[in-house]
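Novice: Below is one structure. I have some questions about it.
The values are calculated or read from the model by the stated rules, or taken from the named source; none is laboratory data. What you are looking at is a predicted structure, and each value in this text was computed from that prediction instead of being measured. In this analysis, Cβ positions are derived from the backbone assuming ideal geometry, glycine residues included, and neighbour counts consider all displayed protein chains. Accessible surface is based on the protein model in full, side chains and every heavy atom, while ligands, DNA and RNA are left aside. Shrake-Rupley method; radii C 1.70, N 1.55, O 1.52, S 1.80 Å.
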Amino acid sequence: MTDSTKLIVSHAPFYRDACTVMKRSYLIMAAALVAIIPGLLIFGIPAVGVCALAVASAILWELTANTLMKQTPTIGDGNAAMIGLILAMLLPATAPWWMVITGTFVAVIMSKTVFGGIGGNPFCPPALSAAVLMISWPHLMNFNGMLVNYDMAWSMVDPLINAKFFGAETADLYTTTDLLMGHQAGGIGAVCGAGLIIGGIFLMVRGINRWEICLSFLSGIFTSALLFHMSNPDLYAGPIFHLLTGYTLVAAFFLATEDASSPVNTIPMLIYGFGGGMLTVLIRNKGAWVDGALFAVLLMNLANPILDMIRPKALGKV
Amino acid sequence: MIRRSFFGYLAARLPYETVQGGLPDPVDTGLPGGITLQIQVGADQKSLVNKKKTILKKGVEVHRGGIYGLFDEETKEITAPVSGTVTSVETRTGNYGRHFALVHIETSEEGDASPAFTEALTADAKGADSLTFLSQLPGRPAFKRLAEEGIHTVILSVLEKDLLTNVNQYAFQARKADFKRGADFIKELAPTARVVLALPLYLEAEAKEIGCETIGVKNLYPNGNPLLLAKRISGKAVEAGKSLEESGFLLFSAEAVAAAGKALRTQSLPQEKLVTLSLKNKETKLVSARIGTPVAKIFEAVGEELAERDHLILGGPLTGTSVYTSNMPVSADTDAIICHGPENMPRLTETYCINCGKCVRICPAHMPVNLLIRALENGLYEEAAEKYDLNSCVECGLCSFICVATLPLFQQIMLARHTLTENEKRAEKGGL
Ligand code: SF4
Ligand code: SF4
């Protein structure tokens, strides 16, 4: 039954969709750059430095881990670079170099590699890392203090700090256009609302982000902020303000949607997103922290395995 | 590889081939010099074959249209598509360790047809003997099973098993009269069963003459999947882990129904199988080949040449089997043959599942494939069946098609299912 022409044999299917992990990482990074580039223009060379260092060190950490564990290098899938870039979006432009490197260490090694690498992480790596930094060095993650040397044509007071400590009317200092254009104090990739929205829509349309998560996260923010605002307009800022400030949009499009730590079934995705949005506003308005987006994402990550047990009945099961 | 639309949030649309705007003319590959018949055997039978303890063995003469048993005279399981002499009987091991017996028959001329089928038809067209013959037709219609108890729904399907083939749509349109005759015969055989004609929407207008209850289906993969059709027709899914037959459904492909009609009309068994060829230059061709014809012979007829490192696939691109030699024969259920060069070979990677959720979205059986694969990769087959719905799989291969991490999901699933069935069989035997 044999002949001399050697054919290749493999298992079905013989067609594959053209998307790969590497492509996915690069597309996410491309979308992130849409939001980061305006940030770089605003914050200048220090911001470029932070981004470059974050990406480079994230890749190096992963490579080090691969070498130490004698694995084939996995940096080719672009996931480490992506984690580094997303972490950079959350940092202030003037973050010191050692903090950036610590941040990527926590993100790549402590939140991904120790859990078995890509797909095994229970928490969103950049979110976990930024939260660790925020708790460890609160003053270095405080945008008022860190961006004090920037003299801009607009207010460089963190809008969330203003609204939290000086009442809701300070929210009027920031027009929606300003917030969309990046005229506010915040993380490198978190200030430019318009860029984030464009990048986010791109990712949703390409089917890389699960749109259910993004949209339900945003609607969670909107609904709860609206309820707070209606209950006491003097104390609590309105929903649009919450949507466009702090880490909201980054969380909706880049953090909450991280693959391994978010659910994949429809109803869990909606609960996960909506819950994350509500927690964000709750922590902002009632909690000790200025921005609750990171903690909200991490808390929902924690609930993910349980949430994802709500799934449709498989075919023919009773 | 299929290129997907830019809008990745949409589910992938995988349309079946169609037969529209004129019927193609199938290339007849003629009488091959030698043919090979392939039947699946158990592990114990494999050694019988290897010890040459078969009835069909070297030197035995067979007649076109005659039916023979491999191990004893009673269990008739092989029809000879040609008249000739058996030259050898050997075994081969297929996917997941299944065993096949291969019977090679040499032939030089058309020869006389065996009168056995005509005799059986004249004696009783609906009798067991005649049905045994009819069950061997191209498309493997389960006529024998139909005559037994417990079949409540018969699906006559003009939909295809996989992409890149259109044999059923062709057979339905080009052999309408035979199809009708076959369908009427099926209705007579199972007077109490519900007979439903399932066909692509664009053919719905042509269904009237057949006089069956019809159901139109979008011509998109995997709508032609038997288990999914059964659910669509009865409104209730077949219980997970049970086969279509066990639940009282039978599916006859359009080609098989038409072949049965022709057999009744001409009083002889048609032995030509329709196959859609997809060649390396992306051309597709419909051919009509004697069952058992080696693929190499068909390629000769259409002028295709295989080179080293090519990929030869029997069956469709999503569920077919790739084979290692072009001596492999066309069998009664080979609807498509695909040949493509190494550049089209999908690559597998070593990454893990990244939990992107695409497989969960696309799975027509609503399975948690992302969790399932974690169990399967660690060999936890029982757990996979209990907790992660392994038994619900309808074996469409879409999860593997879509997987971003290019994991061999389908292979793992098939291997697990096969292993579990084997274990069950072994346990039953041990229990006796
Ligand atoms: S092969 Fe994959 S997609 Fe198809 S039913 Fe099975 S698990 Fe679902
Ligand atoms: S498509 Fe592949 S990578 Fe994505 S969840 Fe399914 S198995 Fe995992």
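Novice: Give region B:167-196 a look and list any residue that's touching a strand residue (DSSP E or B) at 6+ places or on another chain (Cβ under 6 Å) and open to solvent by 30 Å² or more (accessible area, probe 1.4 Å), or say none.
Specialist: Correct list: B:Lys187, B:Arg194.
Novice: Given the options B:Leu312, B:Leu269, B:Leu250, name the one that is in contact with a Cys (Cβ under 7 Å, 6 or more places away or on another chain) and on the phi < 0 side of the Ramachandran plot.
Specialist: B:Leu312
Novice: Let me spell it out: the conditions are (1) assigned to a helix (DSSP H, G or I); (2) within 21 Å of A:Thr94 (Cβ to Cβ); (3) polar (S, T, N, Q), and A:Asn149 meets all of them except one. Which number is the exception?
Specialist: Result: A:Asn149 fails condition (1) only.
Novice: Does B:Leu164 fit the bill of being touching a strand residue (DSSP E or B) at 6+ places or on another chain (Cβ under 8 Å) and either among the hydrophobic types (A, V, I, L, M, F, W, C) or farther than 28 Å from B:Leu277 by Cβ (or both)?
Specialist: Judged against the criteria, B:Leu164 is a match.
Novice: It is to be established whether one or more residues within region B:407-426 are open to solvent by less than 40 Å² (accessible area, probe 1.4 Å), within 11 Å of ligand 2 (Cβ to nearest atom), part of a loop (DSSP other than H, G, I, E, B) and not aromatic (Phe, Trp, Tyr).
Specialist: Yes - at least one qualifying residue is present in region B:407-426.
Novice: Name the residue that is farthest from the chain's Cα centre (by Cα), counting only residues in region A:16-41 that are surrounded by fewer than 20 Cβ atoms within 10 Å (Cβ to Cβ) and within 7 Å of chain B (Cβ to nearest Cβ).
Specialist: A:Ala18
Novice: Continuing with the same structure: For A:Ser261, only one of the following conditions fails: (1) open to solvent by 40 Å² or more (accessible area, probe 1.4 Å); (2) closer than 30 Å to B:Ser392 by Cβ; (3) in contact (Cβ under 8 Å) with a residue 24 or more places away in the chain. What is its number?
Specialist: (1)
Novice: Now for a different question. Residues that are within 12 Å of the chain's Cα centre (by Cα) and modelled with pLDDT under 95: does region A:182-189 have at least one?
Specialist: Within region A:182-189, one or more residues are within 12 Å of the chain's Cα centre (by Cα) and modelled with pLDDT under 95.
Novice: Any chance you could count how many residues in region B:308-335 are over 12 Å from A:Ala12 (Cβ atoms), surrounded by 22 or more Cβ atoms within 10 Å (Cβ to Cβ) and touching an Asp or Glu at 6+ places or on another chain (Cβ under 9 Å)?
Specialist: 2
Novice: A follow-up question, please. Is region B:384-392 home to any residue that is under 21 Å from A:Ala260 (Cβ atoms), among the aliphatic types (A, V, I, L, M) and surrounded by 14 or more Cβ atoms within 10 Å (Cβ to Cβ)?
Specialist: Yes, because at least one residue in region B:384-392 is under 21 Å from A:Ala260 (Cβ atoms), among the aliphatic types (A, V, I, L, M) and surrounded by 14 or more Cβ atoms within 10 Å (Cβ to Cβ).
Novice: What number goes with the only condition from (1) closer than 19 Å to B:Val330 by Cβ; (2) open to solvent by less than 40 Å² (accessible area, probe 1.4 Å); (3) over 26 Å from the mean Cα position of the chain (by Cα) that B:Ala120 does not pass?
Specialist: Only one criterion in (1) closer than 19 Å to B:Val330 by Cβ; (2) open to solvent by less than 40 Å² (accessible area, probe 1.4 Å); (3) over 26 Å from the mean Cα position of the chain (by Cα) is unmet by B:Ala120, namely (1).
Novice: Residue under question is A:Ala127, and the condition is that it be outside the structural domain of A:Phe295 (by TED's automatic domain parsing), in a helix (DSSP H, G or I) and out of contact with any Ser or Thr (no Cβ under 6 Å at 6 or more places or on another chain); does it hold?
Specialist: Yes, satisfied.
Novice: Shifting gears a bit: Which ones in region A:42-65 are surrounded by fewer than 16 Cβ atoms within 10 Å (Cβ to Cβ) and among the polar types (S, T, N, Q)?
Specialist: A:Thr64
Novice: Filter region A:264-278 down to residues that are within 17 Å of the chain's Cα centre (by Cα) and surrounded by fewer than 24 Cβ atoms within 10 Å (Cβ to Cβ), then give me how many there are.
Specialist: Total satisfying the criteria: 3.
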